[in-house]
Amino acid sequence: ADKLLFKIAPVIAFVPSFAVVAVIPFTESLFFADIAVGLLYYIAVSSITIIGILVGSWASNNKYALMGGMRAAAQMISYEIPLVMAGVGVILSAGSFNLREIVAAQEDVWFIVPQFLGFVVFLIAAIAELNRTPFDLPEAESELVAGYHVEYSGFRFAFFMLAEYVYLFAMASLTTVLFLGGWHPLFGLDFIPPIVWFVLKMLAVVFFIFWLRATFPRVRGDQLMQLGWKVLLPLALANIFLSALLKEVPVIGNWY
């Protein structure tokens, strides 16, 4: 085991989870940073966490931890691709990487309507990225004790768990921004403050993810990989093609 790597791994996993929150706009004026490539920043920074997980699992000198780390890496790489490609459909529709501009483009129609296929792919891939049930193979108690953090305790273990739950709320917020109209009201109910609409939509996504945990059993590893590469990836590609078609065909494009 490598003592130094063992100690810094939770920090490597934890810091990016808060860094991604910086680019999420909660209302028109409430955000930490408004950068032109907000979506690209989110995807790039969130990918750093897997390095912390891999380093921690290897430095633990425990075969269960290493197996959990390898599973987490394989799962994250497999589902990062359809996740990003589902986001490409939104970028094509909004014509921007900026998250505030993406929300502004949904003033009339939320992207969940024209981008429904992309929304389904994004949500499934996001749940797999978060290692949540039914895709929680890296932490399968019956097989791997506690997965990649089996040797961790105290505040270092808390860093891993905190990163997981911060990502849960960050991913729910990103789903709200990309597909659920951000802070835009439903049925023209403008008297409710925008931040309340944003929080309600985000909590609805969080509730759905928690509901899945209580409802579905864990999938097998081979089923997980097949879903990512054989189902979600082709669907994400089809969604990009459909998005480009909707954008360019005049008759459909005018409504779109």
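Each reported figure results from applying straightforward, stated rules to the coordinates on display, with no laboratory input. Computed from a prediction, not measured in an experiment: that's the story for all the values here. All Cβ positions, even for glycine, are placed from backbone atoms using ideal geometry, and neighbour counts span all protein chains on display.
From helices alone, the chain scores -21500 deg cm²/dmol at 222 nm; the rule is -39500 (n - 2.57) for each run of n ≥ 4 DSSP H residues, then divide by the residue total. Computed from backbone phi with θ = phi - 60° and the Karplus coefficients 6.51, -1.76 and 1.60, the 3J(HN,Hα) list for the stretch 190-205 is 6, 6, 7, x, x, 5, 5, 4, 4, 5, 4, 5, 4, 5, 5, 5 Hz; x is used for glycine and proline. Global dimensions of the chain from alpha-carbon coordinates: Rg and Dmax equal 18.8, 63 Å. Positive end of the dipole of the chain (Cβ unit charges, origin at the Cα centre): among Ile192, Leu117, Pro217, the Cα lying farthest that way belongs to Pro217. The alpha carbons of the stretch 1-132 occupy a box of 55, 30, 18 Å along the principal axes, longest dimension given first. Note: relative contact order over the chain, using C-alpha pairs below 8 Å and six or more positions apart, is 26 percent. By the count of neighbouring beta-carbon atoms within 10 Å, fewest first, Arg132, Arg213 end up ordered Arg213, Arg132.
Dipole of the chain (Lys/Arg Cβ +1, Asp/Glu Cβ -1, origin at the Cα centre): which of Phe97, Ala126, Ala86 lies farthest to the positive side? So the residue we want is Ala126.
Of the chymotrypsin sites (Phe, Trp or Tyr not before Pro) in the stretch 150-251, the ones in a loop by DSSP (not H, G, I, E or B) with at most 14 other beta carbons within 10 Å are Phe187, Phe191.
When you count the other C-beta atoms within 10 angstrom of each residue and take the mean per peptide, 118-129, 26-37 line up highest first as 118-129, 26-37. Annotation: lysines with alpha-carbon distance below 28 angstrom to Lys3 (same-chain offsets under eight excluded): Lys63.
Summing charges over neighbours of Phe14, with a neighbour being any other residue whose Cβ is under 10 Å away from its Cβ, gives 0 when K and R count +1 and D and E count -1.
Dipole check for the chain: with +1 at the C-beta of Lys and Arg, -1 at the C-beta of Asp and Glu, and the Cα centre as origin, the magnitude is about 520 Debye.
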